[in-house]
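See structure below.
The values are calculated or read from the model by the stated rules, or taken from the named source; none is laboratory data. Keep in mind that this is a model prediction, so the values were computed, not measured. A quick note on method: Cβ atoms are made from the backbone with ideal geometry, for glycine too, and the neighbour counts reach across all protein chains shown.
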Amino acid sequence: MLSLAETLSMKGTTSIRNLPQTSDKRCNECSRYLLIINNQEQCGYCSLIKKEDEQIGIEAREALERKERMKALRIFNKESIINDRLKQATFENYEPNNESQEKAKAIVKRYVENFSTDNPVPLMLRGDYGLGKSHLAAAAVKELAEKNITSIFISVPKLLTKIKSTWDKQSETTEEEILSALEAVDCLVLDDLGAEQTKRDPNGNIPWSVTKLFEIIDARIGKHTIFTTNLDNQELQEHLGPRNYSRAMEGVHPIKLTGEDYRLRKFKEA
Ligand SMILES: [Zn+2]
């Protein structure tokens, strides 16, 4: 039996002569009829069109994710997330006062330089107040922004207040929008973890803030998250509860800062 292409070419329709013949066998993967190209049976769909379809799918998904991330930034840019002092924070104006601070600066700088969404690393900057943990995290966010990497820097107590404010029916933003924004962003800084109120109610129930915080941290697993805290391991575990704690600490790279209060030192020098 002659193929359609052959029939047409016999009638002198030269433009269609190069059309491949159709086999009577079907593709194992997609069940479409195979084509005979250079005496070999091939699936036209799987060998060509499917790849293009997949590429279009990937591009569409990426565009959607980009849009989500931009929306995330808009939600959080409506208010000042980084206070004025931290707005000025850069790696250059972070002055390490001892080896632990020097090391912390070097690690966070390297973190920014090597930042890749394919290789997410959660960082935990810990140490007493005033050692510049937030300064380093804010500097990181600023440099990431210059590399077109979307980041949100927010203190945990402020974040919880913001979420609470969405419960008001007048609120422009919904809690869900905030949570998906926190999930979508390339890098999330949760500043001052442990400063939020987590007291149990008189009945001994876990407060909503702990549950919410866990939801946020859990959604960030496998993504870049920078935590800062002045709690030690023991305190943090008590604060979050053992289950939340071990989930939150999964794969976390701890960076310990020691020394004298950074802001106090500046004050003394002035
Ligand atoms: Zn196929």
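Among the residues of the stretch 247-259, is there at least one that is modelled with pLDDT of 90 or more, part of a helix (DSSP H, G or I), among the hydrophobic types (A, V, I, L, M, F, W, C) and surrounded by 14 or more Cβ atoms within 10 Å (Cβ to Cβ)? The answer is no, given that none of the residues of the stretch 247-259 is modelled with pLDDT of 90 or more, part of a helix (DSSP H, G or I), among the hydrophobic types (A, V, I, L, M, F, W, C) and surrounded by 14 or more Cβ atoms within 10 Å (Cβ to Cβ). Per the conditions (1) surrounded by fewer than 19 Cβ atoms within 10 Å (Cβ to Cβ); (2) assigned by TED's automatic domain parsing to the domain that holds Leu188, the sole criterion not satisfied by Arg61 is (2).
Can you spot a residue in the stretch 101-115 that is outside any helix (DSSP H, G or I) and modelled with pLDDT of 85 or more? Within the stretch 101-115, one or more residues are outside any helix (DSSP H, G or I) and modelled with pLDDT of 85 or more. Of the residues screened, Lys142 is not one that is surrounded by 21 or more Cβ atoms within 10 Å (Cβ to Cβ) and not small (Gly, Ala, Ser). Condition (residue is touching a strand residue (DSSP E or B) at 6+ places or on another chain (Cβ under 9 Å), at pLDDT 85 or above and assigned by TED's automatic domain parsing to the domain that holds Glu183) applied to the stretch 20-37: is it met by at least one residue? The answer is no, given that none of the residues of the stretch 20-37 is touching a strand residue (DSSP E or B) at 6+ places or on another chain (Cβ under 9 Å), at pLDDT 85 or above and assigned by TED's automatic domain parsing to the domain that holds Glu183. Looking at Leu48, Leu8, just one residue is away from the ligand (no atom under 16 Å from the Cβ) and modelled with pLDDT under 85, and that residue is Leu8.
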